[in-house]
Amino acid sequence: MECRGRSLLGHSLFSTPPTPCSLPRSVWLGCSSVAESLCALRCVQSLPSSRAHNQVLMTVMESQNNTGDVSPKKTTVFKFGNGSVAGSRKRMSQGNFEKEKDLCIQLFDQWSESDQVEFVEHLISRMCHYQHGHINSYLKPMLQRDFITALPAQGLDHIAENILSFLDARSLCSAELVCREWQRVISDGMLWKKLIEKMVRTDPLWKGLSERHQWEKYLFKNRTNEVPPNSYYHSLYPKIIQDIETIEANWRCGRHNLQRIQCRSENSKGVYCLQYDDDKIISGLRDNSIKIWDKQSLECLKVLTGHTGSVLCLQYDDRVIVTGSSDSTVRVWDVVSGEVLNTLIHHNEAVLHLRFCNGLMVTCSKDRSIAVWDMASATDISLRRVLVGHRAAVNVVDFDDKYIVSASGDRTIKVWSTSTCEFVRTLNGHKRGIACLQYRDRLVVSGSSDNTIRLWDIECGACLRVLEGHEELVRCIRFDNKRIVSGAYDGKIKVWDLQAALDPRAPASTLCLRTLVEHSGRVFRLQFDEFQIISSSHDDTILIWDFLNVSTNGQPERRSPSRTYTYVSR
């Protein structure tokens, strides 16, 4: 078969004269339909074959039959590199198309996968946009794979479970509705149990709820008869979410149950410091004693005596209680027996604050100095370094592995290297002496006798925000990932939104969430967690503000007034 004429595109892609070709696929690489491809193949079959010289230019011309024939007649012109015409072909009937298609498929099946892909790419490149859309719709379902169903069929259930274990609760609910096989994988893999366990490991609020509501005993166990089915954990999850929402609402609205411990000091009144855990509260009093209270019954379990001055600061762990006093000494006590294990005599005046962790202890004093101690054991404590730089009493210290942070009545916060004890920088901004601070990660939060709270970036020394609202000296302050809680000499405890405070766009009206008013004297110290605040005061009481177990027995809810104040930039 022979065709005459020139390429309709008016140019040739290849200038090399045709030579024998042994690979018919090369002729297909420009055809826009299966029929045209077959036509090209038949034209080339009459030529000598050589794989090295099979270069052709293929152009297509489509014309509609003017006689009214509903089936289009296509003419394909194949022009070789030397200008000669290979042949032409018209598809006259549907029957011929089917035969030609079958022949094309047979030839296509004989090629390698890479050759097939190359041919299809060329074929698609010659199609119009509508045809591309049709092919895309055809390919989409072919590309989809239900791997969650397929993996167990291959004995790979654990991989399917591991994939689904990365889903959050909402997505896991949706996955259960996909099909029965997905639901089976989720159930057999105990994925709701694993999701709750992950939250308990990473979120203190979840961990606290698991302990208080006693469903922790069903977690972190392998499959045994004691472990409930997956459905138990599925129904437990929304109950936990409801509990969390209730607690958050209680914090926002000031709803709480209040318990009061009357310390009944014999001489001078006042509770200067405290720390608590799930079982006990340990407090340091103005009357020189240390009292240990049962957290459930609120009864005094033990009284430790030995200091000759007021107990101004304390910290304890599983083994020891360390206390600092206005008698200038630091004492170490056995947390179980209450026996005095060690007495450190270094400071010349009252020990105002102390912290210890991982074998390191830092104390500060009214004598303007900071002492850094190595704690090998309760009885083996040696002085490493004395830090001097403040011009007034050092009221508070805090530290981690990187920095020691101290605050003083000289209105400054100083930052020191923990490893070398060298001075790093000073944070300036408070207008009067600083009474309290907490340091964690990059954030320092401080309270001052200028009645303000400041948030600082410790790395650059910048003041990020000033919180105003207290009417007297801010004596104690603590923060976690959500809140700042402060206590002041005005007898009030304020709860602040930490995330809003760190956002410069947040209006001042959103910063103070609640003001708690129950103490009748100055608030000296407080500690809090996700469920409660425990505070101590000059009024000789310890108050427990419980935001978890809020009474709903018909008694009026105890609420504290909400107050907001204007933010003033310094």
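Taking amide H positions as placed in the peptide plane 1.01 Å from N, state which residues far from Gln532 in sequence (5 or more) or on other chains have amide H under 5 Å from it.
Phe547
If you roll a 1.4 Å probe over the heavy atoms of the protein chains, what accessible area per residue do you get for the stretch 477-554, in Å²?
33 Å²
For Arg170 and Val386 in the same chain, what is the full-extension length gain: residue separation times 0.36 nm, less their Cα-Cα distance, in nm?
The Arg170-Val386 span can extend by a further 72.3 nm.
Can you tell me how much longer the chain between Arg201 and Asn267 gets when fully stretched, taken as 0.36 nm per residue apart minus their C-alpha distance, in nm with one decimal?
So the extension gain works out to 19.2 nm.
Could you give each residue of the stretch 313-328 its phi-based ³J(HN,Hα) in whole Hz, using Karplus coefficients 6.51, -1.76, 1.60 with θ = phi - 60°, and x for Gly or Pro?
Per residue, the Karplus-derived 3J(HN,Hα) values read 8, 7, 7, 9, 9, 5, 10, 9, 10, 10, 10, x, 9, 6, 7, 6 Hz.
Count charges around Ser417 for me, please; just the other residues with Cβ under 14 Å from its Cβ, Lys/Arg as +1, Asp/Glu as -1.
With Lys, Arg at +1 and Asp, Glu at -1, the net is +1.
Which of Lys198/Lys239; Lys366/Lys414; Lys221/Lys295; Lys431/Lys492 have a Cα-Cα distance over 25 Å?
Lys221/Lys295
Would you kindly state how much longer the chain becomes between Glu471 and Lys302 on full extension, computed as 0.36 nm times their sequence separation minus their alpha carbon distance, in nm to one decimal?
Answer, rounded to one decimal: 57.2 nm.
If contacts are Cα pairs under 8 angstrom and at least 6 residues apart, what is the relative contact order of the stretch 175-311 in percent?
This gives 13 percent for the stretch 175-311.
So for the stretch 147-252, averaging the separation of alpha carbon pairs under 8 Å that are six or more residues apart and normalising by length, what relative contact order in percent results?
So the answer I get is 22 percent.
If you roll a 1.4 Å probe over the heavy atoms of the protein chains, what accessible area per residue do you get for the stretch 256-307, in Å²?
47 Å²
Would you mind telling me the share, in percent, of accessible area of the stretch 246-384 contributed by carbon and sulfur at probe 1.4 angstrom?
Here it works out to 42 percent.
Net charge within 10 Å of Gly389 by Cβ-Cβ distance, Lys/Arg positive one each and Asp/Glu negative one each, not counting Gly389 itself?
+2
Return the long-range amide H neighbours of Ser537 (sequence gap of 5 or more, or a different chain), with a cut-off of under 5 Å between placed amide H atoms.
Here Val271, Phe524 satisfy the definition.
Search the structure for amide H atoms under 5 Å from the amide H of Leu427, placed 1.01 Å from N in the peptide plane, and list their residues when 5 or more places away or on another chain.
Amide H neighbours of Leu427, under 5 Å, 5+ apart: Ile413, Lys414, Val415.
Measure out, as a whole number of angstrom, how far apart the alpha-carbon centroids of the stretch 332-360 and the stretch 262-311 sit.
16 Å
At a 1.4 Å probe, what is the % contribution of carbon and sulfur to the accessible area of the stretch 410-498?
Result for the stretch 410-498: 42 percent of the exposed heavy-atom area is carbon or sulfur.
Go through the stretch 282-287 residue by residue and turn each phi into a ³J(HN,Hα) via Karplus (6.51, -1.76, 1.60, θ = phi - 60°); whole Hz please, and just put x for glycine and proline.
Each residue of the stretch 282-287 in turn: 10, 10, x, 10, 5, 7 Hz.
In what order, largest first, do Thr510, Thr323 sit by accessible area if the probe radius is 1.4 Å?
Thr510, Thr323
What distance in nm separates the two pseudo spin-label positions at Tyr232 and Asp279, each 7 Å out from Cα along the beta-carbon direction?
Result: 2.7 nm between the two label points.
Just the accessible area per residue of the stretch 337-465, please: how many Å² with a 1.4 Å probe?
Result: 41 Å² of accessible area for each residue.
The values are calculated or read from the model by the stated rules, or taken from the named source; none is laboratory data. Computed from a predicted structure; not experimentally measured. Ideal geometry is used to build each Cβ from the backbone, glycine not excepted, and the neighbour counts take in all protein chains shown. These area figures cover heavy atoms from the full protein model, side chains too; ligands, DNA and RNA do not enter into them. Shrake-Rupley method; radii C 1.70, N 1.55, O 1.52, S 1.80 Å.
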